[in-house]
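Worksheet: the structure to be examined is printed underneath.
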Amino acid sequence: MCGIVAYIGHRQACPIILKGLKRLEYRGYDSAGVALINSDSLNIYKKKGKVSELEKFLEGKDLSSTIGMGHTRWATHGEPNDRNAHPHYSNSKGIAIIHNGIIENYDSLKKDLQMRGHTFHSDTDSEVFIHLIEDVYENNHCSLEEAVRIALTMVVGAYAIVIMSKDHPNQLIAARKGSPLVIGVGIDEFFLASDATPIIEYTNEVVYLNDFEVAVIKDNKLSIKNIEDKTTTPYIQKLDMELDSIEKGGYTHFMLKEIFEQPRSITDCLRGRVISAQGHLALGGIRQYANKLVNADRIIILACGTSWHSGLVAEYLFEEYTRIPVEVEYASEFRYRNPIVREGDVVIAISQSGETADTLAAIELAKSKGAIIFGVCNVVGSSIARTSHEGAYLHAGPEIGVASTKAFTGQVTVLAMMAIIVANKKGIITESKYQELLVDLENIPKKIEKALLLNDSIKVVAKEFKDAKNFLYLGRGFNFPVALEGALKLKEISYIHAEGYPAAEMKHGPIALIDEEMPVVVIALQDSSYEKIVSNIQEVRARRGRVIAIVSEGDTQIKEMAEFVIEVPKISEALSPLLSVIPLQLLAYHIAVMRGCNVDQPRNLAKSVTVE
Ligand code: G6P
C-alpha cells in the first residue's frame, strides 16, 4: 500500500525520491507525487497512474532541491486521481504532508476545520491531517514539531507521515503509529521510507521508528521524541540486505525470480537451524518462551492472505506431531469478535511483511488478553517482528512480487521446524521419525529444484487453459491449504475466478459447476488420502471436468484419468505442501503472462496491507 520516500542532505532529492518510489511500486498504488522546496516555495507535483507518468509530468520543470518527499498512493478515501494523490498542502500551502494509513475521525475534524475557514481540495483524510497540524501551529504559536505532536493526539487511526515546511527548508518531520517508517542514516544525509528497499543503495544504517514517535531531522541531526515529548535515543541498526535482492536479476518478473529462488531461500531458512547428521534442530529466536509453546494447551494462529494458508498447513503439522489443538484465525475476524484467549494458549502470528494492519491489531488484542506471541515474519525489524515476544525469521530475502511465493514456502518451513522441535521436546515422535524429518527438511531445496524443472510442461498446461473463465482447485489433508493457495495465486494475478476446496467438500456445492469447460486442478499425491482423492478425480471426470493432476513422481494410476499430469518429487506427507505448491505458482504465473496481466503489480492489490 502507500509508499513513502523522503530525503534531506547534500544531493539532489528528486532523483533519489523517484528511484525510491519505483522501488516501492511493488507495494501497490494508483497515483504518485513529490514535494520539493526551491525558489523559496514549496512545490507539489502529482499524477494519477504510475511513477513513470509522474516522471513525464516533471520533465522540463525546475526540480533542484536537496530536500524532498514522494509518495505512492493506494486509494482509500476518494478515487485515484491527481487531486487525491499525495503530497497534500496545508490551508496556507506553507506545509505539506505525505501519509500512509487512515485517519478514522477525519470527517468530524474536517467539518470543524471547514467551519474555521479551511478549504479542502481533495477527498482524502490525509489533507485533513495537514490542515489540522497547521491549525494547531497557528493557534498555539508553537514550533511545527510541537504542533505535529499535539495534532497526533487528536487523530484516531494509523499513520506514517512526513512533513515539510516552506519556512523550514532544512527540516523534515516524521511520525508513525501503526504504519511502517524507516530512517536511513547516511553521512550528512537522511532517507525516510516505508521500508528499506529505497534506502539500501545509499546506506545500511537504519532506525526503525516506533509507534508514537516523532522524528525531527534538522541541520544534519536526527532527534526522536515520543508523543509525550520525551527524548529517546535513536537505535541505529545494520540492514542485512543486498541491492541485487531487490532487483530482477535477468528475470522478466520478480514473481518468476522469487519462484526460482526457492531452493536458495529454503536453504537460507534452514541454515544453522537443521543439521541432520548431528540430530540438531533449533530456532535461535525461540528460547525464553519455548516452554510456553511446548506446554501450550492450544495454539491460535493469526494471519491474512497467503500467510493464513501457511497457517492452515501449520494446523495439520502441529496437530499431527505435537497433539496440541490449533485454531487458525483470519486476523481481521479475530480482532473484531470477543475471542477467548485462555491461560495456556499461545499465539503464532504469521506475516511476510510484518506490517499487515489486521494481523498487528489482532496481536495487540491477544497480547492484552495475556497471550505470548511468536512471530513468523520475513521482513527483519518489521512491526510484527518487534511486537512479538519471540519468533523466527524466514530469511527468504525481500519478496517484491505482490503474489507471495517464496514467503509461503519459507513460512511452512519455519512452522514445520517449530512443530518438529515441540514434538521432539514432548517426546511425541520417535527418534527415528525425528531424524527422518530432519533429513527430509534438508532435502527440500534439492527437491524444489527438481520441481522447478516442470516449468516447460506447466507452460503447456497454461497455454491450454489460459482462456478459462473459472478454475477449481482440490486437495485433502496437508494439501487442502495448497489448493486454497493455488486458487489464490491464480485469481490474484490472472483475474480468473478460482476456488480452492477440500476435495470431499466438492460434492456439497462446487460439483454443480463442473462441465467440459471447467479445469480442475487436483493435488493427488500418494499420501494417506490418495485413494479418496482418486475417487474425487473420478467424480470430476464423470461430469467431464478437465483434470490437471499434481501427482507423486512415478504415479501411474492417475495418468489414466487426468488430462494433464504433473509429477512432483516424493517427500514425507507433512512437508509435501512445499513441493506441491511449486507447479501451482508456475501455472498461475504463466497463465497471467499469457493473458498479458501485470504479474508483479496486479490491479487493486497491495503487497503490504497497512490499512484494515
Ligand atoms: C496481501 C498480499 C498477500 C499477503 C497478504 C498478507 O494481500 O498481497 O500476498 O499474503 O497481504 O500479508 P503478510 O505480509 O501479512 O503476509
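The values are calculated or read from the model by the stated rules, or taken from the named source; none is laboratory data. What you are looking at is a predicted structure, and each value in this text was computed from that prediction instead of being measured. Because the Cβ atoms are built from the backbone with ideal geometry, glycine has one as well, and the counts that use them run over all protein chains shown.
Condition check: touching a residue at least 12 places away in the same chain (Cβ under 8 Å), buried (at least 16 other Cβ atoms within 10 Å of the Cβ) and under 30 Å from residue 9 (Cβ atoms). Does residue 212 satisfy that?
Working: touching a residue at least 12 places away in the same chain (Cβ under 8 Å): yes; buried (at least 16 other Cβ atoms within 10 Å of the Cβ): yes; under 30 Å from residue 9 (Cβ atoms): yes.
For residue 212, the condition - touching a residue at least 12 places away in the same chain (Cβ under 8 Å), buried (at least 16 other Cβ atoms within 10 Å of the Cβ) and under 30 Å from residue 9 (Cβ atoms) - is met.
Among the residues of region 557-571, write down those that are modelled with pLDDT of 95 or more and either within 29 Å of residue 315 (Cβ to Cβ) or in a loop (DSSP other than H, G, I, E, B) (or both). Break it down stepwise before answering.
Within region 557-571, the subset modelled with pLDDT of 95 or more is 557-558, 562-571.
Answer for region 557-571, where residues must be modelled with pLDDT of 95 or more and either within 29 Å of residue 315 (Cβ to Cβ) or in a loop (DSSP other than H, G, I, E, B) (or both): 557, 558, 562, 563, 565, 566, 567, 568, 569, 570, 571.
Among the residues of region 177-205, what is the count of those that are surrounded by fewer than 23 Cβ atoms within 10 Å (Cβ to Cβ) and of a type outside the set (Gly, Ala, Ser)?
Residues meeting the conditions: 11.
Which residue pairs have Cβ atoms under 7 Å apart, sit 6 or more places apart or on different chains, and have a first residue in region 592-612 that is near the ligand (Cβ under 10 Å from one of its atoms) and a second that is in a loop (DSSP other than H, G, I, E, B) and among the β-branched types (Val, Ile, Thr)?
Going by the 7 Å Cβ cut-off, the qualifying pairs are 602/402; 605/402; 607/402; 609/356.
List, please: which pairs have Cβ atoms under 9 Å, are six or more places apart or on different chains, and start with a residue in region 378-389 that is more than 12 Å from residue 361 (Cα to Cα) and touching a residue at least 60 places away in the same chain (Cβ under 8 Å) and end with one that is away from the ligand (no atom under 13 Å from the Cβ) and assigned to a helix (DSSP H, G or I)?
389/292; 389/367
Closer than 23 Å to residue 405 by Cα and within 16 Å of the ligand (Cβ to nearest atom), is that true of residue 283?
Details: closer than 23 Å to residue 405 by Cα: yes; within 16 Å of the ligand (Cβ to nearest atom): no.
Considered against the rule, which asks whether it is closer than 23 Å to residue 405 by Cα and within 16 Å of the ligand (Cβ to nearest atom), residue 283 comes out as no.
Name the residues in region 124-181 that are farther than 24 Å from residue 34 by Cβ and hydroxyl-bearing (Ser, Thr, Tyr), would you?
143, 153 - these are the residues of region 124-181 that are farther than 24 Å from residue 34 by Cβ and hydroxyl-bearing (Ser, Thr, Tyr).
How many residues, within region 114-157, are under 36 Å from the mean Cα position of the chain (by Cα), of a type in the set (A, V, I, L, M, F, W, C) and over 20 Å from residue 172 (Cβ atoms)?
4
Which of the following residues is modelled with pLDDT under 95 and within 16 Å of the ligand (Cβ to nearest atom): 376, 313, 380?
Working: 376 fails: modelled with pLDDT under 95; 313 fails: modelled with pLDDT under 95.
Being modelled with pLDDT under 95 and within 16 Å of the ligand (Cβ to nearest atom) holds for just one of 376, 313, 380, which is 380.
Return the pairs, sorted by first residue and then second, in which the second residue is at pLDDT below 95 and acidic (Asp, Glu), the first residue lies in region 174-199 and is more than 18 Å from residue 225 (Cβ to Cβ) and in a loop (DSSP other than H, G, I, E, B), the beta carbons are less than 6 Å apart, and the residues are 6+ apart or on different chains.
The qualifying pairs are 180/355.
Would you pick out the residues in region 24-48 that are away from the ligand (no atom under 16 Å from the Cβ) and either part of a helix (DSSP H, G or I) or without any contact (Cβ under 8 Å) to a residue 24 or more places away in the chain (or both)?
Here is the first cut: in region 24-48, the ones away from the ligand (no atom under 16 Å from the Cβ) are 31-48.
Within region 24-48, 39, 43, 45 qualify.
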